[in-house]
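All remarks here apply to the structure that follows.
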Amino acid sequence: MRVIGLDIGTTTIAALALDGETGEVLQSRTVPNDAGVPAGNGWERLQDPRQIETLALGLVGELARRFAPVGGIGLTGQMHGILYLDREGRPVSPLYTWQDGRGDLPVEGGKSAAQALGERTGYSLASGFGTVTHYYNRRRGLVPAEAVTGSTIHGYLGMKLAGRKTPLLHLSDAAGWGLVSLEKGRFDEQAMMRAGLDPAFFPGIAADGAVLGETAQGIPVAPAVGDNQAAFLGAVRNMKESVLVNVGTGSQVSVWTPAPVSLPSAEARPCTEGAFLLVGSSLCGGRAYAALEGFYREAAAMAGAPPAPLYDAMEREAEACIGSAGRLRVDTRFSGTRQNPSLRGGIAGLGLDTLHPGFLTLGVLEGIVEELHGFYREMEPRLGRKPTALVGAGNGLRKNRLLQKLFSARFGLPLHIPVHREEAAYGAALTALVGAGAAAGIAETQALIRYQAGAAFGM
């Protein structure tokens, strides 16, 4: 069976066609997500859902024609964001993305929307979560009059593909909105009412293995899963024995757990088939490294140098500093944390001997690693087992061999990198195999995953 996986990212949209027998990616297509909407405020992050729809359905249609017959379509995408829909399932607002900052703005008594909603409901919430954005919009009279429900962007695309008028979210996607009871596996209506939110506004939640419906060509469409979960499913062959580190714009460390666990910094997220992921999320990750590269280019421009990319030179300079007595300790929480958005990073150990681009670059890379390893140290005592493999994903990690070495050394595990690049789209395609009845469960499909020859770096 051939299936399609679609990933609606913040900056790119990716789709791939997967051979369900061999696990081979038959074709992968990625296009820029250029659907940004000019915002009137610096804290707004908006996108045009119709433009995203055009781009995404164009990719799916192209693959479906080329690799017909297709047995299923799976979806994933940028979690947390919210799109308002009318009774016919049509968008009546822009997409408020996960990066939208209105949740940090005051709404009552000097408290931010995220803080106020969290206190009213008892849930830990952050700016960018769909429920927080909706709470702020309600308090400020910004909810469109025609809106009767909301959805994530990939939930909306699943509706369109399946010919539905109402969204139906997978639990892994719904939980990214907030106000989901992990124990009961549904939105918490009592918590909503304590906050003055109408439970009827919230979308339904689909069961594992369910389908939303079929396309006009008769292709089953699986409910969209959260992007973190999709990347885990699409990168890890053995869920119970692996740690996934993903470095893109942000970065995450994820491990499997059979039940939700409450931790100060890590988050329990539903995955599939009753299991959960413990996830530690950095708001910077690869963005910290990109910001450093931009800083170097600005400095070079001061001397009249052309603005050429400097990533290769940065990696060489950093690697040359490994083993040196002097080191810089860089805290890369440049955008704060989910728990404390106002927190900022810092640099320690500056001296005349370490004020050098190589030391600074190495310090930033080690800071990215250390933030994720700090989350992992918090999780480890609750796992009840010692993972045996470290899996790496995301372009920020794939393109930087020094970063791969640093992760393997810090976690004390061999690092494996999947052969395929679009891990989230691949994971979405695996859910399509289950939804189409080609596999009994997601673990069966993960046997298709292949890693680059040997471990990239072994201990």
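Using the Karplus relation 6.51 cos²θ - 1.76 cosθ + 1.60 with θ = phi - 60°, the per-residue 3J(HN,Hα) values for the stretch 428-444 come to 4, 5, 5, 5, 5, 4, 5, x, 7, x, 7, 8, 6, x, 5, 4, 5 Hz, with x marking Gly and Pro.
Tally Lys/Arg at +1 and Asp/Glu at -1 over every other residue whose Cβ is under 14 Å from the Cβ of H420; what's the total? All intermediate terms of the calculation are to be shown ahead of the outcome.
Details: positive: R29, R237, R398, R421, R450; negative: D7, D19, E24, E422, E423.
Taking every Cβ under 14 Å from that of H420, the sum is 0.
Sequence-ordered 3J(HN,Hα) estimates for the stretch 210-224 from the Karplus curve with 6.51, -1.76 and 1.60 and θ = phi - 60° stand at 6, 10, 6, x, 10, 6, 4, 8, x, 8, x, 10, 7, x, 5 Hz, glycine and proline given as x. Using the Cβ-Cβ distance between R316 and M1 with R0 set to 60 Å, the FRET efficiency from 1/(1 + (r/R0)^6) comes to roughly 0.85. Extending 7 Å from Cα along the Cβ direction at Q339 and again at V419 yields two label points whose distance is 4.1 nm.
Extending 7 Å from Cα along the Cβ direction at A291 and again at R385 yields two label points whose distance is 3.7 nm. Pull out a ≥ b ≥ c, the square roots of the eigenvalues of the alpha-carbon gyration tensor of the stretch 378-429, then state rounded if a/c is under 1.5, prolate if not and a/b is larger than b/c, and oblate in the remaining case. The shape class here is oblate. If R0 is taken as 30 Å, the Cβ-Cβ distance between A447 and S265 corresponds to a FRET efficiency of 0.35.
Ignoring ligands, DNA and RNA, what accessible area per residue does the chain give at 1.4 Å, in Å²?
Working: 18610 Å² over 459 residues.
It amounts to 41 Å² per residue over the chain.
The local environment of T54, defined by Cβ-Cβ distances under 12 Å, has a net charge of -1 under the rule Lys, Arg +1 and Asp, Glu -1.
Toward the positive end of the charge dipole of the stretch 1-105, with +1 on the Cβ of Lys and Arg and -1 on the Cβ of Asp and Glu, the farthest Cα among H80, A35, V92 is that of V92.
Here's the picture: charge each Lys and Arg Cβ at +1 and each Asp and Glu Cβ at -1 in the stretch 181-277, and of A266, L197, A207 the one pushed furthest to the positive end of that dipole is A266. Of the GluC sites (Glu not before Pro) found in the stretch 86-171, the ones in coil according to DSSP and having at most 10 other Cβ atoms within 10 Å of their Cβ are E88. If the chain linking E183 and R164 were pulled fully straight, counting 0.36 nm for each residue of separation and taking away their Cα-Cα distance, it would gain 4.0 nm. A39 sits among other residues whose Cβ lies under 11 Å from its own Cβ, and their net charge, with Lys and Arg +1 and Asp and Glu -1, is 0.
Once you keep just the Cα pairs under 8 angstrom separated by 6 or more residues, what percentage relative contact order results for the stretch 8-156? Walk me through the intermediate numbers first.
Numbers: 259 pairs, mean separation 34.1, N = 149.
After rounding, I find 23 percent.
Here's how it looks for C271: its modeled amide H is under 5 Å from those of F276, L277, which are all 5 or more places away or on a different chain.
Scalar couplings 3J(HN,Hα) for the stretch 176-181, obtained by applying the Karplus form with A = 6.51, B = -1.76, C = 1.60 to θ = phi - 60°, are x, 6, x, 6, 10, 7 Hz; x denotes Gly and Pro. Taking amide hydrogens as placed 1.01 Å from N in the peptide plane, the amide H of L169 sits under 5 Å from those of G204, I205, A206, each at least 5 positions away in sequence or on another chain.
Can you sort Y289, Y84 by solvent-accessible area, 1.4 Å probe, largest first? Don't jump to the answer; show the numbers that get you there.
Working: Y289 20, Y84 0 Å².
So the residues, ranked largest to smallest area, are Y289, Y84.
The mean sequence separation of alpha-carbon pairs under 8 Å and at least six residues apart, normalised by the residue count of the chain, gives a relative contact order of 17 percent.
Cross-link list K111/K165; K111/K399; K160/K184; K240/K405: which exceed 31 angstrom alpha carbon to alpha carbon?
Working: K111/K165 36 Å; K111/K399 41 Å; K160/K184 28 Å; K240/K405 23 Å.
Long pairs (Cα-Cα over 31 Å): K111/K165; K111/K399.
Counted residue by residue at 0.36 nm each, then reduced by the alpha carbon distance between them, the extension gain from R87 to L105 reaches 3.5 nm. Projected label points at A300 and A440, each 7 Å from Cα along the beta carbon direction, are separated by 5.6 nanometres. Within the accessible area of the stretch 318-366, the carbon and sulfur atoms contribute 58%, probe 1.4 Å, all protein chains present. Here the stretch 1-133 exposes an accessible surface that is 47 percent carbon and sulfur, computed with a 1.4 Å probe and the other protein chains kept in place.
Which of the trypsin sites (Lys or Arg not before Pro) across the stretch 175-222 are loop residues per DSSP, with 13 or fewer other Cβ within 10 Å?
Details: sites: K184, R186, R194; in loops: K184.
Passing sites in the stretch 175-222 are K184.
The values are calculated or read from the model by the stated rules, or taken from the named source; none is laboratory data. As the structure is a prediction and not an experimental result, all values here were calculated from the model. All Cβ positions, even for glycine, are placed from backbone atoms using ideal geometry, and neighbour counts span all protein chains on display. All accessible areas refer to the heavy atoms of the entire protein, side chains included, with ligands and DNA or RNA removed. Shrake-Rupley method; radii C 1.70, N 1.55, O 1.52, S 1.80 Å.
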